[in-house]
Every structure is written in structure tokens, then in C-alpha cells.
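Visitor: Below you will find the structure I want to go over with you.
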Amino acid sequence: MQKNKPCLILVTGGARSGKSEFAERYVEKYATKAGYIATAEVLDDEMGRRVELHRQRRSSSFWTTYEYPQNAEQVFAQLPSDIDMVLFDCLTVYVANMMYGNFEKSTPEDVLLLVKENVQKLLDAANVSGRTVVFVTNEVGCGIVPDNYLAREYRDVIGVVNTMVAKACDKLFLTVCGHAVDIKKISEQLSNGGEE
């Protein structure tokens, strides 16, 4: 990938599949200096430990961190010119923040509409930033159907959001057991009869 050709990239996979590590390595390979949009809020010790593990992997001389659990589209307007790539980690936490921070009393249809509108704002800001932006998300719909309504609603909304973002992205990687597969490349090869 050329450094001077901005694009949108989505990295997805299950829990502990290596998504964030792959996304960080990808950015470190292609960027001169990078922004990191962190969406998690430290509300308990477990989340604090997870956030700290992520922080320890990132060099402060290369990464500039922006903590935005909501309204993350605002970051793109304030990025300094020397940041040429941005890592957004992660969409699943970002959507949870939106759904259960603001929209608790809305209907499922209203929740989905509001989340999609906010994700579209994020995609629009990323597109006009002139930078390559790597989004990280989770595949949450591959296991057992959750036994409670709130979890099922969240799973369904994330499925819609992931599909929406994947459609907008130029590249889509799936991480499995620490290895990444270029899904859009495979899909294009199959569409072209298996030709490279």
C-alpha cells in the first residue's frame, strides 16, 4: 500500500484473536506518525488492565492518543499535519457507549437509527481527513444466541454497523488465532474466477 493514498480499513475478529495487535503493526509499518482514537472508558479494574495492556504496546513518540468514548468524529478536525494514519480501537466499545450511555429508553429501531447516524458521521470525517484510517471491531454474532434481550439487541446492532463500515472500507481483514486474512482480496479473486 502506498503511503500517499489514503484509504479506510476494517480489522475484525473474535475476542483475543489478535485484532488490535495486527492493526497496530499495520499502522506502524505504513505510517510515519499515527493517531490512536481510544473509545474505552475505565469503569472497573478489568477494563483498566485491558487499557493498560494496550498502552504498553504503543510508543509515545509514534502514537498520539485521543480518548473519545463518544463523538469521535471530532478528532479528525484536530489532528496535526504530521499524523498520516489513524487507528480507531474499537467500534464495538464505541457502539456500546452510544447505545447504553444515551439511548436506554429508545425503541430498538430508534437505537439502530441513531447508532447508524453517528457511525456515518465517523466514516464521513475519516474520509475527508485525507488519512488512512484503520478501524478495529469484534465479530460478536458467531457464538450462541445471547439469553437476554439487551445482549441480543447489541449483537444485532453491531452486526449492522460492521457490515456498514466494511462496505465503506477499501480493505477488510479478519483475524483468527493471531493471523490476519485479507477478506476483500479473497472475495475479489472469487468474483474474478480465482484470478489474481
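The values are calculated or read from the model by the stated rules, or taken from the named source; none is laboratory data. It should be emphasised that the depicted structure is a prediction, and the values quoted were computed from it without experimental measurement. All Cβ positions, glycine included, derive from the backbone under ideal geometry; neighbour counts span all protein chains shown. All accessible areas refer to the heavy atoms of the entire protein, side chains included, with ligands and DNA or RNA removed. Shrake-Rupley method; radii C 1.70, N 1.55, O 1.52, S 1.80 Å.
Visitor: If a residue has to be in contact with a helix residue (DSSP H, G or I) (Cβ under 6 Å, 6 or more places away or on another chain) and at pLDDT 95 or above to count, how many in the range 93-108 make the cut?
Guide: Going through the range 93-108 one residue at a time, the tally reaches 1.
Visitor: Those residues that are crowded, with 19+ Cβ neighbours inside 10 Å and more than 20 Å from residue 38 (Cα to Cα), I need them from the range 76-116; list them, please.
Guide: 111, the sole residue that qualifies.
Visitor: Collect the residues in the range 139-196 that are part of a helix (DSSP H, G or I), in contact with a Gly (Cβ under 8 Å, 6 or more places away or on another chain) and farther than 29 Å from residue 125 by Cβ, keeping them in residue-number order.
Guide: Once the filter is applied, which keeps residues that are part of a helix (DSSP H, G or I), in contact with a Gly (Cβ under 8 Å, 6 or more places away or on another chain) and farther than 29 Å from residue 125 by Cβ, the range 139-196 yields nothing.
Visitor: Next up: Evaluate the following for residue 17: is it open to solvent by less than 50 Å² (accessible area, probe 1.4 Å), assigned to a loop (DSSP other than H, G, I, E, B), farther than 19 Å from residue 132 by Cβ and modelled with pLDDT under 95?
Guide: For residue 17, the condition - open to solvent by less than 50 Å² (accessible area, probe 1.4 Å), assigned to a loop (DSSP other than H, G, I, E, B), farther than 19 Å from residue 132 by Cβ and modelled with pLDDT under 95 - is met.
Visitor: Here is a follow-up. Right, residue 67: in contact with a strand residue (DSSP E or B) (Cβ under 7 Å, 6 or more places away or on another chain), surrounded by fewer than 19 Cβ atoms within 10 Å (Cβ to Cβ) and at pLDDT below 95 or not?
Guide: Answer is yes for this residue.
Visitor: Let me ask you something else. Are there any pairs, at least 6 apart or on different chains, whose C-beta atoms fall under 9 Å, with the first in the range 162-190 and over 17 Å from residue 90 (Cα atoms) and the second among the acidic types (Asp, Glu) and not in a helix (DSSP H, G or I), and if so, which?
Guide: The qualifying pairs are 184/170; 189/195; 189/196.
Visitor: Going through 157, 128, 119, 165 one at a time, which residue ends up being under 18 Å from the mean Cα position of the chain (by Cα) and open to solvent by 80 Å² or more (accessible area, probe 1.4 Å)?
Guide: Within the list 157, 128, 119, 165, the selection yields 128.
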